[in-house]
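Structure first, then comments.
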Amino acid sequence: MNTPPRTAELVVIGGGIVGAATAFYAARAGIRPVLIEARPALCTLTTPVSTGAYRLQFSTEEELRLVEESVALFQDFTDVTGQSRYDAGIRAQGYLWLTTSPERAAAQRDLVERQHEWGVTDIELLPGDEVRRRFPYVAPEVEQARYRAADGFIDTRSVTMGLAAASGATIVTVMCDTGMKYLSKKEF
């Protein structure tokens, strides 16, 4: 293309992970997106420097349900997106929540019980001695912890590029100060 499309069913502004996810889910709903990024390439500002952490340890069931879909996407990324060039790069290193107060330990026990009721049964409640046995760097003041080994990190750049590729969106990026560059699905 020499010019941007004159019309679009949906214009998504921002080519980070949120913009790419919006384009991907819009395409799955039958909407053809145009993804516009003000920088020279997708995923070049905050997304690639984020931690990429994901977890299923939340205080409310509503939060849990929102994140479960994302975790399922990460775990089956190439199958769900239908592309194989980009992988989610999952590193399940676990997520450890510590407490040093007896009051917070009681609240943590109640929370883990609710999380198990919500179906996240692999969250462990660990007494202080067990925490230190598994994680020797933990301070002696820690009374208790909750831990889920399957929580971890993704490769945010790869997820962004995979979602954008799978969306089939027309990608518009700015090339320095010289104008705009237009990419088709075939180009990335």
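The values are calculated or read from the model by the stated rules, or taken from the named source; none is laboratory data. Since the model is a prediction, treat every value here as computed from it, not as a measurement. Neighbour counts run over all protein chains shown; Cβ positions are idealised from the backbone, glycine included.
The residue that is modelled with the lowest pLDDT, counting only those in region 17-45 that are among the hydroxyl-bearing types (S, T, Y) and under 17 Å from T173 (Cα atoms), is T44. Within region 1-17, the residues that satisfy the criterion of being surrounded by fewer than 16 Cβ atoms within 10 Å (Cβ to Cβ) and in a loop (DSSP other than H, G, I, E, B) are M1, N2, T3, P4, P5, R6, T7, E9.
Being modelled with pLDDT of 95 or more, surrounded by fewer than 18 Cβ atoms within 10 Å (Cβ to Cβ) and under 24 Å from V120 (Cα atoms): is that true of R104 here? Yes, satisfied.
With exposed (fewer than 13 other Cβ atoms within 10 Å of the Cβ), more than 21 Å from the chain's Cα centre (by Cα), free of Cβ contacts under 8 Å to residues at least 60 places away in the same chain and over 18 Å from I17 (Cβ atoms) as the only criterion, which of E63, E113 stands out? Show your work before the answer.
Details: E63 fails: more than 21 Å from the chain's Cα centre (by Cα).
Exactly one residue qualifies, and that residue is E113.
Just one of the listed residues (L10, L96) is touching a strand residue (DSSP E or B) at 6+ places or on another chain (Cβ under 8 Å), closer than 30 Å to P140 by Cα and at pLDDT 95 or above, and it is L96. The single condition from (1) surrounded by 12 or more Cβ atoms within 10 Å (Cβ to Cβ); (2) more than 23 Å from the chain's Cα centre (by Cα); (3) modelled with pLDDT under 95 that G179 fails is (1). Go through the residues of region 18-28 one by one and say whether even a single one is in contact with a Ser or Thr (Cβ under 6 Å, 6 or more places away or on another chain), part of a loop (DSSP other than H, G, I, E, B) and not basic (K, R). Within region 18-28, not a single residue is in contact with a Ser or Thr (Cβ under 6 Å, 6 or more places away or on another chain), part of a loop (DSSP other than H, G, I, E, B) and not basic (K, R). For region 94-110, filtering for residues that are assigned to a strand (DSSP E or B) and closer than 16 Å to F58 by Cβ leaves 3. With respect to (1) out of contact with any Lys or Arg (no Cβ under 8 Å at 6 or more places or on another chain); (2) farther than 14 Å from I171 by Cβ; (3) outside any helix (DSSP H, G or I); (4) not charged (D, E, K, R), the lone exception for L56 is condition (1).
Taken as a whole, the condition of being of a type in the set (G, A, S) and under 19 Å from R55 (Cα atoms) does not apply to G128.
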